[in-house]
1. How high is the relative contact order of segment 54-116, in percent, counting Cα pairs under 8 Å that sit 6 or more residues apart?
2. As an exercise, use a Förster radius of 25 Å and the Cβ-Cβ distance of Lys52 and Arg19 to find the FRET efficiency, rounded to the nearest 0.05.
3. For segment 28-116, which chymotrypsin sites (Phe, Trp or Tyr not before Pro) pass both filters: DSSP loop (anything but H, G, I, E, B) and at most 12 other C-beta atoms within 10 Å?
4. Keeping the other protein chains in place, figure out the carbon and sulfur percent of the accessible area of the chain, with a 1.4 Å probe.
5. Quickly work out the Gln1-to-Glu88 label distance, labels modelled 7 Å from Cα along the C-beta direction, and quote it in nm with one decimal.
6. Looking only at the chain, where both bridge partners belong to it, what percent of the DSSP beta bridges are antiparallel (to the nearest 5)?
7. Subtracting the Cα-Cα distance from 0.36 nm times the residue separation, let me have the gained length for Tyr101 to Ser116 in nm, one decimal.
8. Among the lysines, which have Cα under 24 Å from the Cα of Lys52 when same-chain residues fewer than 8 positions away are ignored?
Amino acid sequence: QVQLVESGGGLVQPGGSLRLSCAAPVNIFRLYAMGWYRQAPGKEREFIADIKTDGSTNYADSVRGRFTISRDNAKNTVYLQLNSLKAEDTAVYYCNVQRGYVTLYWGKGTLVTVSS
């Protein structure tokens, strides 16, 4: 069973920033794209961003310009920098391992709460 270890969630005020991390096993990390999704209460899980092994990225329109995805190949870790946070960004954030459009593995999620 592949384990993805997420961290970095928490409570932040509107306009604030957080950085989420997701560590993956090295044999998985080097082969596949990594992504971030989120699920707000009462809503379906939605795509946020992904990054391929060559470093190319994709973003959802709702977060483009505010969130940045990156990967550190030396640490087998993918990051999601969240800036200019809004109340509607409150959700559980999940990282995943992707092969094409198929999710191979999900993390357990980390909660981000944006509130004053």
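1. 24 percent
2. 0.75
3. Taking segment 28-116 and a limit of 12 other Cβ atoms within 10 Å, the loop chymotrypsin sites (Phe, Trp or Tyr not before Pro) found are Tyr101.
4. 48 percent
5. Output for this residue pair reads 3.6 nm.
6. DSSP beta bridges in the chain are roughly 90 percent antiparallel.
7. Contour length minus Cα-Cα distance gives 1.7 nm.
8. Result set, ordered by chain and number: Lys75, Lys108.
The values are calculated or read from the model by the stated rules, or taken from the named source; none is laboratory data. What you see is a predicted model; the values in this text were computed from it and never measured. Don't worry about glycine lacking a Cβ; one is built from the backbone with ideal geometry, like all the others, and counts go over all protein chains shown. For accessibility, only protein heavy atoms count, side chains too; no ligands or nucleic acids. Shrake-Rupley method; radii C 1.70, N 1.55, O 1.52, S 1.80 Å.
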